[in-house]
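Below: the structure, in structure tokens.
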Amino acid sequence: MQPEPTLADVLRERGVRRDALVQATRYYLAERLQDPPAEQLLADLGDQAPIGAELSAEVARNPALLPEVALGVLSAAWERPGERSRIERALDDAGGKLSSAELVPVAITLVYGLFLAVRTGRSFTTTTSMTPDGGYETKTVELQGALAIMVDALRTPPPPPIAPAAGAGVLPGEGTFTLLLLDIQRSSQIPGAERSPLVTALLSIVHGSLKDVGVVPAQIFTDDAGDGCQVLVPEPAGALTPLVARLPALIGKRLAELRGRPVQVRMGIHTGRLRHDERGWRGTAWDHLERITNAEAIKTRLARSDQRLATVLSDRVHRETVHEGYVDAPYERVQVTRKETTAWVWLMLS
């Protein structure tokens, strides 16, 4: 008796290329979901899985991620009874290239399909992936990229909403946070086609590392420049010590394991009070963290080293963790200047 063909077998036999794979996944989801408008799917993602809405925007900005998301969707569907014939029909109908006008709705639709697959409990210990020569293979995977972000986000219980502080005139969502800022070093020298996957990989690394130290963030999002990410951890959460003690080693190790172009990252850690308005989370704490993390002294020290990660602690964070004896780590004192800020910070390369 012949074994059942895998999704990779079918894709190889048909010679399905990247654009056709994406179109087929779009057609498959249109049939399964009864072709809802992309605006409705995006609204649902915003309500149920905000990371999915962010991921949709990232995928739309970098279409090279579309096949990865498509394979995640189809790999999950392939294992469900009755879905293989639907996928094969979609593959029969697929053809042609995506236009630029289609990128956003297609990205939203495919990420929504990935969200549904994860929500229904697919483990994704095996999946179909694309080989460097454009072929397909079935393998056991350590989750990376868009798939890992969605899986980690939906497996981790969301934190409770941040309650408004008491008192008149206080904006909803005001509170004290531990803040993390991660920036890819020399990102402007990395071609755009490579930069977006690197940011996606960085988000995955941050999600996984936070999970490993037992810290549940209130929010993780890409920064305005699109070359890094920002993390909010509400206080009191007992998170500051494990973040300082364990997170640098975890992130540094995972950065070293990334395939392709070697990448260096600066990570700043600070604490402070923020408020939420129509522009998002704002406050002088963010400004201070941005300046100390992106100071030329820090960039230069990292660039001259062969290390992957520069961890920068604000003086406040260092006093509350390393100085008080809660963390034993080799941070050194460095003076930095950026814009109107001159400050002493604490640096560790790893």
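Observations on the structure shown:
- Neighbour counts of other Cβ atoms within 10 Å put Thr337, Thr284 in the fewest-to-most order Thr284, Thr337.
- From the alpha carbon centroid of region 1-69 to that of region 242-265 is 29 Å.
- The percentage of C-alpha pairs in region 175-349 whose separation is greater than 21 Å is 44%.
- By the count of other C-beta atoms within 10 Å, a proxy for reagent exposure, Met348, Met267 are ordered fewest to most as Met348, Met267.
- Applying 1/(1 + (r/R0)^6) with r as the Cβ-Cβ distance of Ala249 and Glu296 and R0 = 30 angstrom yields a FRET efficiency of 0.70.
- For Leu110, Leu247, order by how many other beta-carbon atoms lie within 10 Å, fewest first: Leu247, Leu110
- A simple spin-label model places pseudo-atoms 7 Å from Cα toward Cβ; at Thr342 and His276 they are separated by 3.8 nm.
Taken together, the values in this text are just the output of simple stated rules run on the coordinates, not laboratory data. The shown structure was predicted, so the numbers you read here are calculated from the model rather than taken from an experiment. Counting neighbours? That spans all protein chains shown, and the Cβs are built from the backbone with ideal geometry, glycine included.
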